[in-house]
């Protein structure tokens, strides 16, 4: 099934195989209210499988149409866990249509901390890699493309730590992470990370030159880190 190109898609995380079975058999998906994205009234939900999936980790294989949503407690959703520490907390219950499979899985080439993000149907139809789903500023797309031409596969919207905002782009290097921010101000640095702030005007005027600047910073960190498959 091909999605309508203009369809709004929310990419959500499946923490464990049980959550996929809930979506498949019971037809719903839960999102904690306190960490929910601003808009859950989307057209489709795509499922990112975490490392808990022995067969198919770090990829999107399935999606489903969102038929509606309501606010309930966790205890109402998971009646077999009435004593759970979050039993009384509120969750969005997204009601789903039948689970659909993509023609080809959309993979992440390495582990990354995924939070909810939006994409469009046309991206889900054609993407081969998670980064291709992430919509961003023109400047970020320009620099990401320039880095790919240098064989520097940067991660988009990478969150270095749970309490920190996502970086525009990130590269994992031998001596630590390189976090790239584009715009007027740089976010708080994370332990084990080196920050590189690039003005948006510089990216627009000379993306290749900015990519060379990033390549030099990667070299100072002893090159890209080789990650296990």
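Where a number appears in this text, it was derived from the coordinates with a stated rule and is not lab data. Keep in mind that this is a model prediction, so the values were computed, not measured. We place every Cβ from the backbone using ideal geometry, glycine too, and count neighbours over all the protein chains shown.
How tilted is helix 138-149 with respect to the longest principal axis of the chain? Cα atoms for both, answer in degrees (0 to 90, nearest 10).
So the inclination is approximately 70 degrees.
Among DSSP beta bridges lying fully in the chain, give the percent that are antiparallel, nearest 5. Intermediate values should be presented prior to the final figure.
Values: 35 of 48 bridges.
About 75 percent, rounded to the nearest 5.
Classify the chain from the C-alpha gyration tensor, please: rounded if a/c falls under 1.5, else prolate or oblate depending on whether a/b exceeds b/c. Can you show the working numbers first?
On the way: a/c = 2.04, a/b = 1.76, b/c = 1.16.
Taking the square roots of the gyration eigenvalues as a ≥ b ≥ c, the chain is prolate.
Calculated FRET efficiency, residue 128 and residue 150, Cβ-Cβ r, R0 22 Å, to nearest 0.05? Intermediate values should be presented prior to the final figure.
Details: r = 20 Å, r/R0 = 0.89.
The formula returns an efficiency of 0.65 here.
For the chain, take the longest principal axis of its alpha carbons; what is the angle in degrees between that and the long axis of helix 207-220, to the nearest 10 within 0 to 90?
Compared with the principal axis, the helix lies near 90 degrees.
Hey, for a label at residue 205 modelled as a point 7 Å past Cα toward Cβ, could you say which residues of segment 134-151 have their backbone N under 16 Å away?
Hits in segment 134-151 for residue 205 at 16 Å: 139.
What ranking of 69, 126 emerges when the number of other C-beta atoms within 10 Å of each C-beta is taken as an exposure proxy, fewest first?
Working: 69 18, 126 13.
So the residues, fewest neighbours to most, are 126, 69.
Taking Rh as the Kirkwood radius, which is the inverse of the mean 1/r over Cα pairs, what is the Rg/Rh value for segment 8-133?
On the way: Rg = 14.2 Å, Rh = 14.9 Å.
We get a ratio of 0.95 for segment 8-133.
So if R0 is 35 Å, what FRET efficiency would residue 220 and residue 41 give, r being the distance between their Cβ atoms, rounded to the nearest 0.05?
Approximately 0.15, to the nearest 0.05.
Checking the a/c ratio against 1.5 first, then a/b against b/c, what shape does the Cα gyration tensor give for segment 138-220?
On the way: a/c = 1.77, a/b = 1.29, b/c = 1.38.
Cα axes put segment 138-220 in the oblate bin.
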